[in-house]
Amino acid sequence: MLAAPILALGLPTMIVLNMADDLHRRGGEVDAAALSRQLGAPVVLASAMRDEGLEPVWEFLAKCDVAPLPSELPALHDVPKCRAWAAHIGRHASYLAPAPPVWTRRLDSVLLHAIWGR
């Protein structure tokens, strides 16, 4: 959803999916090439904290001409339509959401328990 208004500007754009290491560690996945085809912009899986996957970002930035940004970026006012667009794009990019963190699952098993979590 965050990419839609930026892509609508028609400016050279690269989508950087940060925390790719966390996505994979928790069992999630996404086909970056399929997502790139769906969005019409290059997509990179990266981990900024581990300094992984950032080389394509630096290369992309080095090739871009810097142009002044518009004073106000457009906003998408139809949130349900934007969510539907994002879900459609994700399905065609083989997106599999990662499992919640272990601590979340442990807390949920106690706090949301049918008997103890009342």
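The values are calculated or read from the model by the stated rules, or taken from the named source; none is laboratory data. From a predicted model like this one, the values you see are computed outputs, not experimental measurements. Every residue, glycine among them, receives a Cβ derived from its backbone with ideal geometry; neighbour counts consider all protein chains shown.
Kindly provide the set of residues from region 33-55 that are touching a helix residue (DSSP H, G or I) at 6+ places or on another chain (Cβ under 9 Å) and part of a helix (DSSP H, G or I), ordered by number. Answer for region 33-55, where residues must be touching a helix residue (DSSP H, G or I) at 6+ places or on another chain (Cβ under 9 Å) and part of a helix (DSSP H, G or I): Leu35, Gln38, Leu39.
So which residues in region 82-118 are at pLDDT below 80, of a type in the set (D, E, K, R) and surrounded by 10 or more Cβ atoms within 10 Å (Cβ to Cβ), if there are any at all? Within region 82-118, Arg83 is the sole residue that qualifies.
If you go through region 2-39 and pick out every residue that is at positive phi and under 15 Å from the mean Cα position of the chain (by Cα), you end up with 1. Which of the residues spanning region 82-118 are part of a loop (DSSP other than H, G, I, E, B), under 20 Å from Arg26 (Cβ atoms) and of a type outside the set (Ser, Thr, Tyr)? Correct list: Ala93, Ala97, Pro98, Ala99, Pro100, Pro101, Leu112.
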